[in-house]
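The numbers here are math on the coordinates, done by the rules we state, and not lab data. Keep in mind the model is a prediction, meaning the values are calculated, not measured. Positions of Cβ are backbone-derived with ideal geometry, glycine not excepted, and every protein chain shown enters the neighbour counts.
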Amino acid sequence: NAGSNVIATTGNLSVQSNAASNALTVDFLGNGNITASNGNVTFKQYGTGSSASTMKMYPAYTANSTFAGNVTVESNNVQIEFGANGGMVILDGSGTQSLSKTGSYIPSFKRIQVNKSSGIVSLVYPLTLADTLFLTKGVFATDSINLLTVPDNAIVSGGSDLAFISGP
């Protein structure tokens, strides 16, 4: 909903979309944002039939969305784009957080900021960043299977002894 906020202060938040035959778009547009202070967030996008390829979900579309827990994406054939129009995903939990997915579709992230007082962000699938990684404070952990790829046109901003990528 344009200009709306989704706030989860305890427990887990699940955002889900299902459609069989009609095109469906779930957007977080305008000035709206998602703030998940505690708990985990799962974005689920499923569809069948000819309209499945036209369904999209845009968390952090133009506004920043902040997550203190794990962020999971579930999708087999439907696009989920984080920060598609200038918004940013901010990972700021005090413990270990993960970016993970189930299903065959790999979500896209345009802009991510790591700003953690403690703990790490663990990448649990290979991810190619579309625009900018802001390393403000905290560790972004990758491994030989779950790589973070930063293409030639993307930017890594910040970085220090307290803000870095750990892994290949």
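Per-structure values
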quantity	calculated
Long-range amide H partners of SER122 with built H, under 5 Å	GLN97, SER98, LEU99, ALA141
Residues of type aspartates and glutamates that LYS110 reaches as a straight line, Cα spacing below 15 Å, ignoring anything fewer than 8 places off in the same chain	GLU81, ASP131, ASP152
HN-Hα J in Hz across the stretch 106-122 - Karplus 6.51, -1.76, 1.60, θ = phi - 60°, x for Gly and Pro	9, x, 10, 10, 8, 9, 10, 10, 9, 9, 10, 6, 6, x, 10, 9, 9
Two-decimal log10 I(q)/I(0) for the stretch 54-160, as the Debye equation yields it once each C-alpha is a single scatterer, q = 0.12, 0.17, 0.21 Å⁻¹	-0.36, -0.76, -1.20
Eligible lysines near LYS116 by straight Cα distance, threshold 24 Å, same-chain separation 8 or greater	LYS101, LYS137
Label-point gap, in nm, between THR96 and LEU147 - each point 7 angstrom along Cα→Cβ	2.4
R0 of 35 Å, Cβ-Cβ distance LYS137-ASN76: FRET efficiency to nearest 0.05	0.50
